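Enquirer: Pasting in a structure now, in structure tokens, and then I'll have a few things to ask.
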Amino acid sequence: MNNCTKLLVVIIGIITGSTGFLHGLAEAMRGNKPTNGIMMADIGAISLIPNYLLTGIAAMFFGVSMIVWSASSIHKKNGPVAFMVISILLFLSGGGIMMVLPVIIVWALAARLDKPLNWWRKILPERSRKTLSGLWKLSFISCFFSLLTAILIWIFLTPPGPSYKSPVYVYTCWSFLLLAIVFLIMTIITGFARDIVVRDEVII
């Protein structure tokens, strides 16, 4: 098991499920009202359920399901497939449009959790693997610090709904989100390098 990659997969899955739950909570708080279409632009989500309350309940249910599955079962044989099914259901029930990218990343990484990473061995020379392995913790912490900052700004300063949103807060939120994506890419690469190094040390 590639444990560094597994940790990344689990945490991103939990965070994605949590944001889906928060979208659902915002939708449910609008009450028993029609959504007036599939696209809910003010919330940043789409739903096939034409009712805010029912959409919110469904999104919260699938959000919790994603959290539980990510924490307990995504590393199992059919874990990535089940995760994708839950993700699609969450997306179609108001879980948020922005969840698409992290879901794809989690699914792709989850499929590599028990693989020997031979392709990465070829493109990462042994010396660079050790250097990158040493950068994994810094990349990991930087990624989730940026991501959690963006999420906190989103929740408290630019929450889903029709309320006024200061452009400064919106741009700041997106800046931290983009920064998190950059660090995420670094964390994926350094995580693979660290997993290879650890595997080699176990073999030796």
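Enquirer: Provide a single number: the residues in the stretch 121-141 that are surrounded by fewer than 18 Cβ atoms within 10 Å (Cβ to Cβ) and either within 22 Å of the chain's Cα centre (by Cα) or modelled with pLDDT of 90 or more (or both).
Expert: Residues meeting the conditions: 11.
Enquirer: Enumerate the pairs (first residue in the stretch 1-27 and touching a residue at least 40 places away in the same chain (Cβ under 8 Å) and not assigned by TED's automatic domain parsing to the domain that holds Leu184; second residue anywhere and among the basic types (Lys, Arg) and part of a helix (DSSP H, G or I)) with beta-carbon separation below 9 Å, excluding pairs fewer than 6 apart on the same chain, so at least 6 apart or on different chains.
Expert: Note: pairs meeting the criteria are Asn2/Arg194; Asn2/Arg199; Asn3/Arg194; Cys4/Arg194; Thr5/Arg194.
Enquirer: Counting residues that are farther than 30 Å from Ile43 by Cα, assigned by TED's automatic domain parsing to the domain that holds Asp200 and without any contact (Cβ under 8 Å) to a residue 60 or more places away in the chain, which helices (runs of 4 or more DSSP H) fully inside the stretch 96-154 reach at least 1?
Expert: 118-123, 126-134
Enquirer: Is it the case, given these coordinates, that Leu147 is surrounded by 17 or more Cβ atoms within 10 Å (Cβ to Cβ) and in contact with a helix residue (DSSP H, G or I) (Cβ under 8 Å, 6 or more places away or on another chain)?
Expert: yes
Enquirer: Take the stretch 155-204 and flag every residue that is in a helix (DSSP H, G or I), surrounded by 20 or more Cβ atoms within 10 Å (Cβ to Cβ) and either small (Gly, Ala, Ser) or at pLDDT below 90 (or both).
Expert: Within the stretch 155-204, Ala180, Gly191, Ala193 qualify.
Enquirer: Could I ask something else about it? Can you confirm whether Ile104 is over 22 Å from Val10 (Cβ atoms), within 16 Å of the chain's Cα centre (by Cα) and at pLDDT below 95?
Expert: Criteria not met by Ile104.
The values are calculated or read from the model by the stated rules, or taken from the named source; none is laboratory data. This one's a predicted model, so the numbers in the text were calculated from it and none came from an experiment. Methodologically, a virtual Cβ is constructed for each residue, glycine included, from the backbone with ideal geometry; neighbour enumeration extends over all protein chains shown.
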